[in-house]
Amino acid sequence: MQVKPTHRTTPLFGIHKALGARIIEFAGWQMPVEYEGIIKECLAVRSACGIFDVSHMGELMVRGSKALEFLQWITTNDASRLKDGACQYTLICNDHGGIMDDVILYRLKEEEFLLCVNAVNRDKLLGWLEEKAPSTLTVEDKSDDYALIALQGPRSMDVLGQVSSVEPADIKRFHFSCGRVAGKDALISRTGYTGEDGFELYLSPQDAEAVWSALMEEGRRYDIKPCGLGARDVLRIEVGYPLYGKELTEEISPVEAALMRFVHMEKDFIGREAIERRLRCGTQKVLAGFEVEGKLIPRTGYTLKKDGSTVGRVTSGTWSPVLERAIGMGYIERGLATPDTPIEVEARGRLHRAMVKKLPFYRPSEKTT
Amino acid sequence: MEFPRDLKYTKEHEWVREEDDNTVVVGITDYAQDSLGDVVYVELPQEGGTVTKNEPFGVVESVKAVSDLYSPVTGTVVEVNDAIIDSPEVINEDPYGDAWMIKVELSNPEELGDLLTAEEYQNYIEEEK
């Protein structure tokens, strides 16, 4: 079947339309941006649970002898620490130490790994991995074989437990288990992009609707809400997670992005020399979070100022429904990236007072319900 | 979605209510607030300032989007609804009532003739969809 690249839809598209979702184009996909409203959706995830269709994400399979050695060379985190059934957040860098993508690496078996990659980077990474892979390995784009549903929030475990063949509590954070959800085969991963406890379910596309419906049904007692990309973006900003294309690009290294805890410098990998150099020489700018004093939303591209001069640029910003404050992230001169440093955000020619804050802005455990 | 008959409308999704002292009250339509989603920020002009037909007079922002507010008329701002600056969510809740934005004393009352009736506006957004 020929599908126009700008009009790809996920197996749950019919459900989104039926729920009255507002649909936007994102990385070549027609995705729900909101259903009932972004604020309500965010608060549902913080207080109980929300369900997201993230089937646009790409899945690349790496299989064969020396798969681990290859992935150690390609990714920045220490993949040798992964046991079967575990996964990790890791980066893929180019020769200059620039970030090509941030991914989750799953160890399925000794010689079989799955990379969950950003939709926008899927083709680029497939090419990169194919180019770098030795002939003993196969790299396969399995994205069309997977639908991906994220169940996020403190009640996720209660909801999933009702329909899962695996006890969700037995899956530790950054681990996964292969079982059945609503009678359908699923890779159940205890991961997410909201900072809350939660699960991501890798499913066969034809099972996606049945699993979504079963979770919605079980979640009803907790007032589960379907959540769109709008809420997903707000929730990840609240917990200070970067987004590829905003905080992360090929011009940014893990040093500036403050992601060195996901870079294992005691191994050799693509980009290591460049990263070492940047560590040694220091970088001018670094990613920092800030809070705006009033209600002004710091938008991508706005200038950050201090005493009249430009000191940085906003990469992401939003109104935070849980904190009831306007928050943002951006690259700012290293000397100013200390919490409680006053700065200003320039919007439409006017300056708004802001304060550098330690990330994350919000810690889910702080909330008492 | 509601489009009160006693109001006039613009293609930029503002509504206008004529008062009897050569002034009009301006706000954004139900369709506009619904398209924006949760409104979280508003910028309005100062009292005493002037606004010009088809020129921006303020900004309304939802969680996802920034949108300019275009003045339906030319004139002087005689009253500003400061309450919505503190509680922008009112724009979603009551776009034609508590969420009025500014009151303008008209410089060119004949400009009112260019505005759309409720029926014309409704037809316009049907076509736009």
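FYI, it's all coordinate maths here, none of it is from the lab. Only a predicted model underlies this, so the values are computations on that prediction, with no experimental measurement involved. Glycine also receives a Cβ, built like all others from the backbone with ideal geometry; neighbour counts cover every protein chain displayed.
Listed by chain and number, the lysines placed with their C-alpha closer than 20 angstrom to that of B:LYS103 are B:LYS8, B:LYS11, B:LYS53; residues fewer than eight positions away on the same chain are left out. Sorted ascending by nearby beta carbons within 10 Å, beginning with the fewest, A:LEU287, B:LEU112, A:LEU12, A:LEU235 become B:LEU112, A:LEU287, A:LEU12, A:LEU235. Against the empirical 2.2 N^0.38 Å (N residues), chain B has a Cα radius of gyration ratio of 0.96.
Approximating the spin labels as points 7 Å out from Cα along Cα→Cβ, the A:PHE262-to-A:THR310 distance works out to 2.8 nm.
Taken about its Cα centre, chain B carries a charge dipole of roughly 260 debye when the Cβ of each Lys and Arg holds +1 and the Cβ of each Asp and Glu holds -1.
Just want the answer: with Cβ charges of +1 for Lys and Arg and -1 for Asp and Glu, which residue in B:PHE57, A:GLY230, A:ALA67 is farthest toward the dipole's positive end in the protein assembly as shown? Farthest towards the positive end: A:ALA67. Inter-chain Cβ neighbour count for B:66-73, averaged per residue, equals 1 (cutoff 10 Å, partner chain atoms only). Decide, for chain A, between rounded, prolate and oblate: order the square roots of the alpha carbon gyration tensor eigenvalues as a ≥ b ≥ c, take rounded if a/c falls under 1.5, and otherwise choose prolate if a/b is larger than b/c, else oblate. It is oblate, given that a/c is not under 1.5 and a/b is not larger than b/c. This ranking places B:VAL26, B:VAL90 by how few other beta-carbon atoms lie within 10 Å of each, fewest first, which gives B:VAL90, B:VAL26.
The string of couplings for the range B:96-105 from the Karplus curve (6.51, -1.76, 1.60, θ = phi - 60°) is 9, x, 4, 9, 4, 10, 9, 10, 10, 8 Hz, one whole number per residue in order, with x for Gly and Pro. Ignoring lysines fewer than eight residues from A:LYS267 along the same chain, the ones with Cα atoms less than 25 angstrom from its Cα are A:LYS66, A:LYS83, A:LYS109, A:LYS124, A:LYS132.
Largest mean-square fluctuation among B:VAL63, B:VAL104, B:VAL51, in a Gaussian network model of chain B whose springs join Cα atoms under 10 Å apart, belongs to B:VAL63.
The fewest-to-most ranking of A:ARG22, A:ARG236, B:ARG5 by surrounding Cβ atoms within 10 Å reads B:ARG5, A:ARG22, A:ARG236. Taking a straight line from the alpha carbon of A:LYS305, these lysines sit under 20 Å away, with near neighbours fewer than eight places off in the same chain left out: A:LYS246, A:LYS285, A:LYS295, A:LYS357, A:LYS358. Let me know the charge dipole size of the protein assembly as shown about its Cα centre in debye, to the nearest 20, where only the beta-carbon of Lys, Arg (+1) and Asp, Glu (-1) is charged. For this selection, approximately 2560 debye.
Here the range A:297-333 and the range A:187-261 have alpha carbon centers that stand 23 Å from each other. At full extension, A:ARG220 and A:ILE24 could sit 67.9 nm farther apart than now, given 0.36 nm per residue minus the alpha carbon distance.
Projecting the Cα positions of A:LEU351, A:ILE270, A:GLY192 onto the charge dipole of chain A (unit charges on Cβ atoms of Lys, Arg, Asp and Glu, taken about the Cα centre) puts A:LEU351 furthest along the positive direction. Within chain B, what's the longest run with no GluC sites (Glu not before Pro) in a DSSP loop and at most 15 other beta-carbon atoms within 10 Å? Give the range, please. My reading of the result: B:48-88 is the longest stretch. Taking a ≥ b ≥ c as the square roots of the Cα gyration tensor eigenvalues, with a/c under 1.5 meaning rounded and otherwise prolate when a/b beats b/c, else oblate, which class fits the range A:199-273? In terms of gyration-tensor shape, prolate.
Simple point charges give the picture: +1 on the Cβ of Lys and Arg, -1 on the Cβ of Asp and Glu, and for the range A:284-366 a dipole about the Cα centre of about 200 debye. Would you mind classifying the range A:58-141 by shape? Square roots of the alpha carbon gyration tensor eigenvalues, ordered a ≥ b ≥ c; an a/c under 1.5 is rounded, otherwise it is prolate if a/b is larger than b/c and oblate if not. Cα axes put the range A:58-141 in the rounded bin. The simple Förster model, with R0 at 41 Å and r as the Cβ-Cβ distance, assigns A:ASP145 and B:ASP6 a FRET efficiency of 0.10.
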